[in-house]
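Notes follow the structure.
Derivation of every value follows stated rules applied to the coordinates shown; laboratory data play no part. On a predicted model such as this, the values are computed, not experimentally measured, just so you know. Please note: Cβ atoms are built from the backbone with ideal geometry, for glycine as well, and neighbour counts cover all protein chains shown.
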Amino acid sequence: MEPAHVKRSAHCVFRSTDLKATNAWYNKYLGLAKTDDIYAGEKDNLLATFNHVDAGDEFVDHHTLLAVQSDSHAFNHLSFEVADFDDVQIGHEYLASKGKYKHAWGVGRHVLGSQIYDYWRDPWGRIHEHWTDSDMVNMDHKPGLHSTEEGLVSQWGPEFPGDSFLDDPENHAVQPIPA
């Protein structure tokens, strides 16, 4: 048995205490553009924003950065693109066989971004994702606004695990992002 064949690291997710300011900074200084927003309750109560590289006409991944509104700054996960669905499954079986990784969510297909995903916690509690088959966007993409009921569901696969995914229920420390 072997690990998945990682093609590249592809996106990261982190928590921020000021989602709007965080996204404004990444858009202005790093050339990212908004792909989709997720809100909770009222439409102006943003919970998360997906951002992609602004490469003009060139098609790029649905997101390179997902920022989530939170009461603390912290890293959530790093993703690794793998070759295909079979490779997601190979990675799943490999990590399960090792006995020291905790399955966090998956295997499933996201609605936003459409990736086939599988999330695992390493022995230190950090989340890593294997994924394949993402939507691609370019400058013609119109950012979407989605409720949590629309944006945090899967096309197929297990339900979103909620707080246990954002904050480890076994109190593994997440790595804070310096303010």
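For the chain, the longest principal axis of the alpha carbon atoms and the long axis of helix 85-98 meet at an angle near 60°. Annotation: the residues D36, D57, D87, D133, sorted from fewest to most other C-beta atoms within 10 Å of their own C-beta, follow the order D57, D133, D87, D36. In this label model, Y29 and N138 are separated by 3.0 nm, measuring between points 7 Å along each Cα→Cβ vector.
Listed peptides 62-69, 5-12 appear in the order 62-69, 5-12 once ranked by packing, highest mean of other Cβ atoms within 10 Å at the front.
Each part gets one Cα centre, and for the stretch 13-27 versus the stretch 96-159 those centres are 20 Å apart. Against the main long axis of the alpha-carbon atoms of the chain, helix 19-30 sits at an angle near 90°. Its Cα gyration tensor gives the chain an equivalent ellipsoid, and the semi-axes of that ellipsoid, as √(5λ) in whole Å with the largest first, are 25, 20, 15.
The lysines whose alpha-carbon is closer than 29 Å to the alpha-carbon of K34, local same-chain residues fewer than 8 away aside, are K7, K20, K43, K142.
Using the number of other C-beta atoms within 10 angstrom as an exposure proxy, rank T17, T22 with the fewest first.
Details: T17 13, T22 21.
Placing the least packed residue first, the sequence is T17, T22.
For W105, the residues whose modelled amide H falls within less than 5 Å of its own, excluding neighbours fewer than 5 places apart on the same chain, are Y119.
If a spin label sat at a point 7 angstrom from the Cα of F59 along the line to its beta carbon, the backbone N atoms of the stretch 133-154 nearer than 20 Å would be those of 133-144. Extension gain, W124 to K98: 0.36 nm times the residue separation minus the Cα-Cα distance gives 7.9 nm.
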